[in-house]
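Notes follow the structure.
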Amino acid sequence: MKVFPEYSGPMLDWPHVEAVPHAERVLTELRAHWLTALATNAGDSDEEAIRGALARANLDRMIDRVYCSRAIGHKKPSSEFFDAVLSDLGIERRAVFMVGDDFEADILGANRSGIRAVWLNPASQETRSTKMHRTIHDLRGLPRALEELGSGDDA
């Protein structure tokens, strides 16, 4: 979802919500092979409100699970946040990828927790890529970035 800094409070109540460009198409492609989960630091919203905001952008049906810091009791980049998500999903770290637009909270937080990640950075051409993370500037690059990061056998 696009964040509009001029709005505050739960995204569900914002006068305008919008998906990140190409989100519906990319999520449709990924859902054929992946479980999709949303992990957010949105402290103003619970899962129901988050799903309501997603529905306004026609994305609710694309997200299998929703995790928010309000319910978990910890925020990204803490390892407790990522541990809670993984515990609930019942999935090993090597089989999970985090995709996010906040390099510190989403990408480095995931990496410090042993989770590979993809940084969505549409705001600049800055690229940061390592064995544990890749950078994309357009969501359409996500499938390739996930492929480059591999299946997790070497992580």
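Nothing in this text is a laboratory measurement; each read-out follows from the coordinates by a stated rule. Here the structure is a predicted model, which means the values were calculated and not measured. Note: ideal-geometry Cβ built from the backbone for every residue, glycine included; neighbour counts use all protein chains shown.
Within the listed set Arg144, Arg93, Arg134, the Gaussian network model of the chain (springs between alpha-carbon atoms below 10 Å) gives the highest mean-square fluctuation for Arg144.
Counting neighbouring beta carbons within 10 Å and listing from fewest to most, the residues Tyr7, Tyr67 come out as Tyr7, Tyr67.
Pull out a ≥ b ≥ c, the square roots of the eigenvalues of the alpha-carbon gyration tensor of segment 35-100, then state rounded if a/c is under 1.5, prolate if not and a/b is larger than b/c, and oblate in the remaining case. In terms of gyration-tensor shape, oblate. Using only side-chain charges placed at the Cβ, +1 for Lys and Arg and -1 for Asp and Glu, the dipole size of segment 11-149 relative to its Cα centre rounds to 460 debye. Label-to-label distance, Glu48 versus Gln125, with points set 7 angstrom from Cα along the beta-carbon direction: 4.8 nm. Plainly put, the chain has a radius of gyration that is 0.93 times its Kirkwood radius, both from alpha-carbon atoms, as the Rg/Rh ratio.
With contacts taken as Cα pairs under 8 Å and at least 6 residues apart, segment 40-98 reaches a relative contact order of 32 percent. Restriction of the GluC sites (Glu not before Pro) in segment 1-82 to DSSP coil positions whose beta-carbon has at most 16 other beta-carbons within 10 angstrom yields Glu6, Glu18. Considering the convex hull of the alpha carbon atoms of segment 100-155, report its projected area averaged over all viewing directions, in nm², one decimal. Average projection, Cα convex hull of segment 100-155: 3.5 nm². Listed by chain and number, the lysines placed with their C-alpha closer than 22 angstrom to that of Lys131 are Lys76; residues fewer than eight positions away on the same chain are left out. Comparing Asp101, Asp83, Asp13 in a Gaussian network model of the chain (Cα springs below 10 Å), the most mobile by mean-square fluctuation is Asp13.
Relative contact order for the chain: 17 percent, from Cα pairs under 8 Å spaced at least 6 residues apart, divided by residue count. Taking every DSSP beta bridge that has both ends in the chain, the antiparallel portion is near 0%.
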